[in-house]
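K.L.:
Have a look at this one before I ask anything.
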Amino acid sequence: MRLSCHFLLLCAVLFSGSSLAGEKQVIPRNMNEKVEMISTGSGFSSLELETTLFVPPGTGPFPLVVINHGKAFGNPRFDPRARFPVISREFLKRGYLVALPMRSGYSKSSGSDIDSGCYAESTGRLQAKSISAALGKLLERPDVDKGRVLLVGQSYGGIASIALGSTNPPAVKGIINFAGGVKRTETNCGWEQSLIDAFAAYGKESKVPTLWFYGDNDSYWGAELPKKMHAAYLASGGKAQLVSYGVFSDGDAHRMASSARGVSIWLPETVKFLSEIGMPTAEVYEIEVSPRPAKTNFAKLADADAVPYLDDRRRELYRKFLSMPYPRAFSIASTGNVGWAYEGADPLGVSLTNCENLAKVPCSLYAVDDDVVWPIATVTK
């Protein structure tokens, strides 16, 4: 009888444990976001790199993905902190620690943005130095798996990631390149051929597997230049799979990686690539989805003048939001800041997060899909 009881107790424990093990832990809608200044180098070569982190629960060690940003027009000091929430979300769900370092001279990072003008190869290598410095410090973290690292780059960050891959960092298992390159507007610069030559030079040195995504309606490269860059990379010995996905239906293909509609293009190919290079692919966490508030009768959806707190410019943003596809959400703050999002797994949460990142105070949902959800009791125009 005692053995039978012990056996039943053991079965109950095992059954309970297996049930719990099958449940995915839920990560808050802010995706455990943190911002740190990573100190690199020493003396005159020291830098402070502003770095966004999305950290899984627990102590790790976690596989690491380093996502590298592009470059906006104008002074890079005014570039916003890179977050890439669409890409970050997919990797965080799969248990990756996601790091997005701002390179030297961008946003709040110290130093200067240095490039080589029309010489794309050396420009990519110069940008890669900041990434390499950040990667070295990230690998010192006890919660990072030092043998499982993935690099991801978009536009300027894409060519910089490929350039870093040509140095064959031991921890890096693969690189994903979203529309990577650098474009020049100088007269007689010959930047297209310089870009092709740059990828040829990187491919000659690199042994790291890479996956490339380029669309035909890319406002920077068009349909043919990426194919020439890829061919040059392969011909010189590089390892690269090109996903040429044609016309991106949601607008400029250069921004595909930032769009919720782009996930269906890049995620299946990325999962296959990760499996091939021995990196995790299974979803082990869920990201919290924000609950939808009830509809109110505060105002008609199309009445932009009724939205509290907003100035004329932000009222125009609200009118633009009304043309966005579903699901969609628009958030407001008492400071006059707004945030909005559409499509994706949690547009409500992304909308609130985008608003709060700007306002630095709590935000509230104003509209979801075709409903105004603003709570009348809180209105203080």
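The values are calculated or read from the model by the stated rules, or taken from the named source; none is laboratory data. None of these values were measured; they are calculated from a predicted model. Reconstructed Cβ throughout: ideal geometry from the backbone, glycine too, with neighbour counts over all protein chains shown.
Quick grid of which residues meet (1) under 25 Å from Met256 (Cα atoms); (2) touching a residue at least 40 places away in the same chain (Cβ under 8 Å); (3) in contact with a strand residue (DSSP E or B) (Cβ under 6 Å, 6 or more places away or on another chain):
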site: Lys93; (1), (2), (3): yes, yes, yes
site: Ser110; (1), (2), (3): no, yes, yes
site: Gly117; (1), (2), (3): no, yes, no
site: Ala128; (1), (2), (3): yes, no, no
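K.L.:
Tell me, please, whether a residue that is among the small types (Gly, Ala, Ser), modelled with pLDDT of 90 or more, in the same structural domain as Lys129 (by TED's automatic domain parsing) and part of a loop (DSSP other than H, G, I, E, B) can be found in the range 66-82.
P.N.:
Taking every residue of the range 66-82 in turn, at least one turns out to be among the small types (Gly, Ala, Ser), modelled with pLDDT of 90 or more, in the same structural domain as Lys129 (by TED's automatic domain parsing) and part of a loop (DSSP other than H, G, I, E, B).
K.L.:
Considering only the range 230-250, I want to know if a residue exists there that is touching a helix residue (DSSP H, G or I) at 6+ places or on another chain (Cβ under 6 Å), part of a helix (DSSP H, G or I) and in the same structural domain as Pro169 (by TED's automatic domain parsing).
P.N.:
yes
K.L.:
Any chance the range 86-106 includes a residue that's assigned by TED's automatic domain parsing to the domain that holds Phe199, over 16 Å from the mean Cα position of the chain (by Cα) and among the acidic types (Asp, Glu)?
P.N.:
Looking for residues that are assigned by TED's automatic domain parsing to the domain that holds Phe199, over 16 Å from the mean Cα position of the chain (by Cα) and among the acidic types (Asp, Glu), one finds none in the range 86-106, hence no.
K.L.:
Given the condition more than 24 Å from the chain's Cα centre (by Cα) and either modelled with pLDDT of 95 or more or on the phi > 0 side of the Ramachandran plot (or both), answer yes or no: does some residue in the range 141-159 qualify?
P.N.:
no
K.L.:
Would you list the strands (runs of 3 or more DSSP E) that sit entirely within the range 278-381 and hold 3 or more residues that are crowded, with 21+ Cβ neighbours inside 10 Å and more than 23 Å from the chain's Cα centre (by Cα)?
P.N.:
In the range 278-381, 364-368 are the strands (runs of 3 or more DSSP E) which contain 3 or more residues that are crowded, with 21+ Cβ neighbours inside 10 Å and more than 23 Å from the chain's Cα centre (by Cα).
Table: residues versus (1) out of contact with any Pro (no Cβ under 7 Å at 6 or more places or on another chain); (2) of a type outside the set (Phe, Trp, Tyr); (3) under 29 Å from Asn177 (Cα atoms).
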position: Met256; (1), (2), (3): yes, yes, yes
position: Trp266; (1), (2), (3): yes, no, yes
position: Gly278; (1), (2), (3): yes, yes, yes
position: Asn297; (1), (2), (3): yes, yes, no
position: Glu343; (1), (2), (3): no, yes, yes
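K.L.:
Check off (1) among the charged types (D, E, K, R); (2) in a loop (DSSP other than H, G, I, E, B); (3) surrounded by fewer than 18 Cβ atoms within 10 Å (Cβ to Cβ) for Lys227 and give me the number that stays unchecked.
P.N.:
Only one criterion in (1) among the charged types (D, E, K, R); (2) in a loop (DSSP other than H, G, I, E, B); (3) surrounded by fewer than 18 Cβ atoms within 10 Å (Cβ to Cβ) is unmet by Lys227, namely (2).
K.L.:
Another question about this same structure. Output the number of the condition that Gly111 fails; it satisfies all remaining conditions of (1) farther than 26 Å from Lys207 by Cα; (2) touching a helix residue (DSSP H, G or I) at 6+ places or on another chain (Cβ under 7 Å).
P.N.:
That leaves (2) as the condition not met.
K.L.:
Still on this model: Name the residue, out of Lys108, Lys34, that is surrounded by fewer than 19 Cβ atoms within 10 Å (Cβ to Cβ), under 21 Å from Val350 (Cα atoms) and not polar (S, T, N, Q).
P.N.:
Every option except Lys34 fails the conditions.
K.L.:
Mind checking which residues of the range 318-336 are among the small types (Gly, Ala, Ser) and over 14 Å from Val307 (Cβ atoms)?
P.N.:
Ser323
K.L.:
Here is a further query. For the range 180-198: of the residues being surrounded by 15 or more Cβ atoms within 10 Å (Cβ to Cβ), free of Cβ contacts under 8 Å to residues at least 40 places away in the same chain and not basic (Lys, Arg), which is farthest from Tyr119 (Cα to Cα)?
P.N.:
Gly180
K.L.:
Follow-up. What is the residue count in the range 101-135 for residues that are on the phi > 0 side of the Ramachandran plot and touching a Ser or Thr at 6+ places or on another chain (Cβ under 9 Å)?
P.N.:
Residues meeting the conditions: 3.
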